[in-house]
Amino acid sequence: MADIVKVEVLGLKQLDEALGQLKLSTAKNVLRRTGRKALAPFDEAWRARAPEHTHALERSGGVGSNLTREQRRSHERESFVEVFAGPGPLPQAIQQEFGNINHPPQPYFRPAWEATKDQVLQIVVDTLGGEIAASARRAAARAKR
């Protein structure tokens, strides 16, 4: 399996504190929404670069917080909330990216990440504050009722 890319953002202490003021389930939902929104450009980029032999790769996968049963078995959870993007659990996804004895590599996933990683991070930085504020307003309105 390919290496997992970890991204650490420093300097968002105030947002982290504001997130801590929300209910646990609300905080998770805020982070999931932000992650899905941030990974959308990457999702479009890898689909555009995927080899078009049968179009199976570009139709598979997507952005979300769920993994298949097999992926969950081999994945070690490391964060409060994790959002994933990429092709579905198709054997040809790995074969296309890394090649095999009969097939040279045709990277589509890694170049897509390299092209969009800064944009993804910027979307997180730009979106997270608004998502937290909107959730806090909704929670306050519910509390008033």
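Rule-based calculations on the coordinates, nothing more; no lab input. Predicted model, so just to flag it, every value in this text is computed and none were measured. All Cβ positions, even for glycine, are placed from backbone atoms using ideal geometry, and neighbour counts span all protein chains on display.
If you build a Gaussian network model of the chain, linking Cα atoms that sit under 10 Å apart, which residue out of ARG72, ARG110, ARG47 swings the most?
Taking springs between Cα atoms under 10 Å, the residue moving most is ARG72.
Tell me the relative contact order for the chain as a rounded percent, counting alpha carbon contacts under 8 Å between residues six or more apart.
Normalised by residue count, the contact order of the chain is 31 percent.
Around ARG137, under 12 Å between beta carbons, what's the net of Lys plus Arg minus Asp minus Glu among the other residues?
With Lys, Arg at +1 and Asp, Glu at -1, the net is +2.
Going toward the positive end of the dipole of the chain, with +1 on Lys and Arg Cβ and -1 on Asp and Glu Cβ, which of ASN66, PRO91, GLY130 do you reach last?
After comparing all options, I get GLY130.
Return the FRET efficiency for the residue pair SER60, GLN119: r is the Cβ-Cβ distance, R0 is 22 Å, and the value is rounded to the nearest 0.05.
0.45
Can you sort GLU78, GLU131 by how many other beta carbons sit within 10 Å, fewest first?
With the sparsest Cβ surroundings first, the list reads GLU78, GLU131.
Tell me, what is the FRET efficiency for ILE94 and ALA48 to the nearest 0.05, using R0 = 22 angstrom and their Cβ-Cβ distance as r?
It comes to 0.70.
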